[in-house]
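Chemist: Below is one structure. I have some questions about it.
The values are calculated or read from the model by the stated rules, or taken from the named source; none is laboratory data. Quick caveat: nothing in here was measured; it's all calculated off a predicted structure. Backbone-built Cβ (ideal geometry, glycine too); neighbour counts: all protein chains shown.
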Amino acid sequence: MSVGFDQGATVLLRVERAFGPVVEGEAVVSEEGFSPRYDLDRWSGIITKPGHKLEGVSIKDKVCFFPTAKGGIAAGWAFNDLKGKSIAPKAFIFGIANPVMVQGAIFAGITITEGWDRHPREIIRTGDWVRVDPESLTIARVQLRGDAR
Amino acid sequence: MELTSEERAILAGQRGEASKRALEYQMELGKFCGAKRFVPITNVHMMGDIEVMGDAGLRYLRDEAALGARCAVSTTTNARCIDFAQCERMGQDSAEVAKERELIDYLRSMGVITTDTCINYQTVYQPHLGEHVAWGDTGTVIYANSVFGARSNFESGPAALAAALTGRTLEYGFHVDEHRRGTFTVRLDAPLRDVADWGAVGKLVGESHQDYYAVPVFHGYAGVPMADDLKHLGAALASYGSMAMFHFVGVTPEAPSVEAALGGRQPSEAMVIGAADLERVYAGYSLGDGDARLVVFSGPQQSLLEMRRLAELFDARHVAEGSSCFVTTNGAILAQARKLGYAAVLERAGVTLLEGVCFYILQNLTPMRRANGWRNMVSNSAKIVNIIGAHRFNTILRPTVQCVDIACRAELK
């Protein structure tokens with residue numbers, strides 16, 4: 001059964017800035033910041049940096065929560081490339097972003113938000129199904145991890 | 001946003017479809033960033049190569065070129081992923097090499113000057129105090145803001161290209177006074193003897209303050225930092241901390257004193273870095289299985305003075321059998337290094353000189369690592385040891401002299 005955007009969702013987070021369409025997807029909650037250059041195999045969509053807290057995790061079609069953006073200018077083109085290769089995430093949710101992440105996401109048409117009113121780890125677990133609504137600046141949980149959809 | 005008559009004309013398509021689309025993209029960015037207006041710029045430095053752009057980016061450039069896109073201000077390119085003279089030897093993919101050539105042709109058709117350097121600030125263009133520019137990579141931006149007192153945000157490839165086409169960028173971030181003031185102080189109590197030490201300082205400060213708007217104010221340093229020192233400090237701050245600006249009291253133009261650099265703000269923290277902190281940085285790298293067969297001097301590209309120093313250190317020595325040592329620089333410096341004999345010394349020593357690239361962005365790097373069986377990468381650049389992880393190298397920072405020894409002895413301590 002598919003879950004409609006307005007059914008049974010609980011608003012968990014309010015964000016400060018946002019761009020892009022409303023999207024739903026499986027959450028990946030990171031304790032570590034992110035850069036596509038530093039951390040990601042941009043041919044598979046898997047985080048490959050040794051020791052990264054999400055090492056081995058795919059970001060394809062995920063709603064990715066990162067507390068910070070790492071350096072590097074690559075995201076500007078790389079997010080568009082990920083989309084072209086069909087391995088892009090559904091959305092990037094940053095605590096603190098940087099201009100590169102924003103420029104890259106907007107160029108690629110990928111939903112992105114910055115700033116949150118509480119740390120996602122308090123309320124969202126990797127595997128939960130969440131909905132990002134840039135218009136209302138909210139992130140809601142549609143389904144808990146492990147619950148049947 | 002407040003638009004000038006010129007900007008309204010661009011939006012109306014009077015400067016062509018490519019400029020119109022570029023401004024529309026910038027305005028979308030402006031909504032997110034809260035920018036109220038644009039600021040005219042004098043110079044753009046952009047990243048554009050096939051490794052990061054992929055086929056989707058190449059298609060985009062092809063479309064832009066077909067629309068007649070033309071740069072409105074002088075625009076140069078960052079380091080790229082292929083040295084055409086070495087690509088076969090490096091085992092790079094011939095199809096990607098052909099795409100890189102095509103990509104370069106599109107950029108040149110738009111009026112982009114393909115300098116292929118991440119040290120434009122040392123070799124191409126030095127903006128003055130208060131000059132607004134639109135630069136990427138991050139190492140170039142932090143140098144422009146900090147050392148020159150020019151003004152730029154991180155402008156990634158598509159944003160820099162848009163700025164090149166419209167001749168303006170968004171007025172926010174480091175274009176405005178508010179964000180240029182220091183936010184915390186760092187007293188340097190350690191002697192800093194090598195560019196790797198400066199990079200290690202950048203790692204310590206950046207890693208613990210990952211925030212684009214964090215601006216450290218360095219003070220208390222007894223010596224005089226050289227341009228290459230500040231280059232490695234800035235590149236590491238930008239890499240580990242995503243920072244775009246620092247002040248260095250008595251050195252950078254907006255920091256005649258700690259108070260002036262802070263601009264009336266109370267520092268959020270007073271950090272102190274001593275010799276023991278640096279020792280801990282060097283001791284903190286895992287040596288893995290001891291593989292010592294890859295040493296890299298890159299990220300950023302080497303300046304002429306760095307080339308000279310490497311030539312002195314490698315003189316009458318040779319890279320160990322089975323080991324690889326790479327030095328990357330831009331075309332202008334390599335030409336000078338050839339004239340001055342530095343390049344010959346390095347090549348006699350078995351060092352591979354790569355032109356117009358940086359090691360970490362080389363096309364095909366992961367397959368190259370596998371083919372060579374490289375596990376560790378040793379470098380004197382704190383930036384590159386941070387940035388190359390996705391290719392699954394175990395990385396180790398060492399001072400320049402030690403890096404040369406490791407390259408020649410294939411022994412890691």
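Chemist: Search segment B:16-39 for residues being among the small types (Gly, Ala, Ser) and part of a helix (DSSP H, G or I), and hand back the single one that is surrounded by the fewest Cβ atoms within 10 Å (Cβ to Cβ).
Modeler: Step one: of segment B:16-39, the residues among the small types (Gly, Ala, Ser) are B:16, B:18-19, B:22, B:30, B:34-35.
Restricting the remaining residues to those that are part of a helix (DSSP H, G or I) gives B:18-19, B:22, B:30.
Numbers: B:18: 21, B:19: 24, B:22: 26, B:30: 19.
Applying the filter and picking the extreme gives B:30.
Chemist: Going by the structure shown, is residue A:113 within 12 Å of the chain's Cα centre (by Cα) and within 14 Å of another protein chain (Cβ to nearest Cβ)?
Modeler: Details: within 12 Å of the chain's Cα centre (by Cα): yes; within 14 Å of another protein chain (Cβ to nearest Cβ): yes.
Criteria met by residue A:113.
Chemist: If you scan segment B:126-143, which residues turn out to be over 21 Å from residue B:386 (Cβ atoms) and surrounded by 24 or more Cβ atoms within 10 Å (Cβ to Cβ)?
Modeler: Initial filter on segment B:126-143 (over 21 Å from residue B:386 (Cβ atoms)): B:126-134.
The answer is B:133, B:134.
Chemist: Tell me, please, whether a residue that is within 13 Å of chain A (Cβ to nearest Cβ) and in a helix (DSSP H, G or I) can be found in segment B:180-198.
Modeler: The answer is no, given that none of the residues of segment B:180-198 is within 13 Å of chain A (Cβ to nearest Cβ) and in a helix (DSSP H, G or I).
Chemist: Kindly establish whether residue B:222 is closer than 27 Å to residue B:26 by Cβ and in a loop (DSSP other than H, G, I, E, B).
Modeler: no
Chemist: Looking at B:13, B:68, can you tell me which residue is more than 11 Å from every other protein chain (Cβ to nearest Cβ), touching a residue at least 40 places away in the same chain (Cβ under 8 Å), on the phi > 0 side of the Ramachandran plot and outside any helix (DSSP H, G or I)?
Modeler: Numbers: B:13 fails: touching a residue at least 40 places away in the same chain (Cβ under 8 Å).
Within the list B:13, B:68, the selection yields B:68.
Chemist: Moving on to the next point. Go through segment B:121-144 and report how many residues are assigned to a helix (DSSP H, G or I), away from every other protein chain (no Cβ under 13 Å) and either touching a strand residue (DSSP E or B) at 6+ places or on another chain (Cβ under 7 Å) or without any contact (Cβ under 8 Å) to a residue 12 or more places away in the chain (or both). Give the derivation first.
Modeler: Step one: filter segment B:121-144 for residues assigned to a helix (DSSP H, G or I), giving B:121-123, B:138-144.
Keeping just the survivors that are away from every other protein chain (no Cβ under 13 Å) gives B:121-123, B:143-144.
Restricting the remaining residues to those that are either touching a strand residue (DSSP E or B) at 6+ places or on another chain (Cβ under 7 Å) or without any contact (Cβ under 8 Å) to a residue 12 or more places away in the chain (or both) gives B:144.
Total satisfying the criteria: 1.
Chemist: A further question follows. Filter segment B:376-413 down to the residues that are touching a Pro at 6+ places or on another chain (Cβ under 9 Å), closer than 14 Å to residue B:194 by Cβ and small (Gly, Ala, Ser) and list them by number.
Modeler: B:381
Chemist: I'd like the residue in segment B:225-244 that is at the interface with chain A (Cβ under 8 Å from one of its Cβ atoms) and in a helix (DSSP H, G or I) and, out of all such residues, is surrounded by the fewest Cβ atoms within 10 Å (Cβ to Cβ).
Modeler: Filtering first and then ranking leaves B:240.
Chemist: Kindly indicate which of B:123, B:114, B:77 is of a type outside the set (Lys, Arg), surrounded by fewer than 24 Cβ atoms within 10 Å (Cβ to Cβ) and within 20 Å of residue A:74 (Cβ to Cβ). Explain how you work it out, then say what you get.
Modeler: Details: B:123 fails: within 20 Å of residue A:74 (Cβ to Cβ); B:77 fails: surrounded by fewer than 24 Cβ atoms within 10 Å (Cβ to Cβ).
Checking each option against the conditions leaves just B:114.
Chemist: Let me confirm something: among B:134, B:144, B:164, B:190, which residue is in the same structural domain as residue B:240 (by TED's automatic domain parsing) and either within 21 Å of residue B:269 (Cα to Cα) or small (Gly, Ala, Ser) (or both)? Spell out the reasoning first.
Modeler: Details: B:134 fails: in the same structural domain as residue B:240 (by TED's automatic domain parsing); B:144 fails: in the same structural domain as residue B:240 (by TED's automatic domain parsing); B:164 fails: in the same structural domain as residue B:240 (by TED's automatic domain parsing).
Going through B:134, B:144, B:164, B:190 in turn, the sole match is B:190.
Chemist: Taking residue B:388 as meeting all but one of (1) farther than 27 Å from residue A:38 by Cα; (2) among the aliphatic types (A, V, I, L, M); (3) at pLDDT below 95, write down the number of the exception.
Modeler: (1)
Chemist: Which members of segment A:49-105 meet the condition of being facing chain B (nearest Cβ under 7 Å), surrounded by fewer than 24 Cβ atoms within 10 Å (Cβ to Cβ) and in contact with a strand residue (DSSP E or B) (Cβ under 7 Å, 6 or more places away or on another chain)?
Modeler: Selection gives A:50, A:68, A:96.
Here's the yes/no breakdown for (1) among the hydroxyl-bearing types (Ser, Thr, Tyr); (2) buried (at least 24 other Cβ atoms within 10 Å of the Cβ):
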{"position": "B:169", "(1), (2)": "yes, yes"}
{"position": "B:178", "(1), (2)": "no, no"}
{"position": "B:185", "(1), (2)": "yes, no"}
{"position": "B:195", "(1), (2)": "no, yes"}
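Chemist: Give segment A:54-94 a look and list any residue that's assigned to a loop (DSSP other than H, G, I, E, B), of a type in the set (Gly, Ala, Ser) and under 13 Å from the mean Cα position of the chain (by Cα), or say none.
Modeler: A:88
Chemist: Would you say residue B:173 is without any contact (Cβ under 8 Å) to a residue 40 or more places away in the chain, within 13 Å of chain A (Cβ to nearest Cβ) and either within 17 Å of the chain's Cα centre (by Cα) or under 19 Å from residue A:71 (Cα atoms) (or both)?
Modeler: Numbers: without any contact (Cβ under 8 Å) to a residue 40 or more places away in the chain: no; within 13 Å of chain A (Cβ to nearest Cβ): yes; either within 17 Å of the chain's Cα centre (by Cα) or under 19 Å from residue A:71 (Cα atoms) (or both): yes.
Answer is no for this residue.
Chemist: Considering only segment A:27-39, state which residues are crowded, with 20+ Cβ neighbours inside 10 Å and either out of contact with any His (no Cβ under 9 Å at 6 or more places or on another chain) or more than 8 Å from chain B (Cβ to nearest Cβ) (or both). First the steps, then the outcome.
Modeler: Narrowing segment A:27-39 to residues crowded, with 20+ Cβ neighbours inside 10 Å: A:27-30, A:33-39.
Selection gives A:27, A:28, A:29, A:30, A:33, A:34, A:35, A:36, A:37.
Chemist: Restricting to segment A:27-53, count the residues that are touching a residue at least 40 places away in the same chain (Cβ under 8 Å) and not in a strand (DSSP E or B).
Modeler: 8
Chemist: From the list B:371, B:407, B:332, B:382, exactly one residue is within 25 Å of residue B:46 (Cβ to Cβ), in contact (Cβ under 8 Å) with a residue 60 or more places away in the chain and away from chain A (no Cβ under 14 Å). Which is it?
Modeler: On the way: B:371 fails: within 25 Å of residue B:46 (Cβ to Cβ); B:407 fails: within 25 Å of residue B:46 (Cβ to Cβ); B:382 fails: away from chain A (no Cβ under 14 Å).
The unique qualifying residue is B:332.
Chemist: With respect to residue B:152, is the statement that it is touching a Gly at 6+ places or on another chain (Cβ under 7 Å), within 21 Å of residue B:255 (Cα to Cα), polar (S, T, N, Q) and in contact (Cβ under 8 Å) with a residue 60 or more places away in the chain true? Before you say what the answer is, go through the steps one by one.
Modeler: Working: touching a Gly at 6+ places or on another chain (Cβ under 7 Å): no; within 21 Å of residue B:255 (Cα to Cα): yes; polar (S, T, N, Q): yes; in contact (Cβ under 8 Å) with a residue 60 or more places away in the chain: yes.
No.
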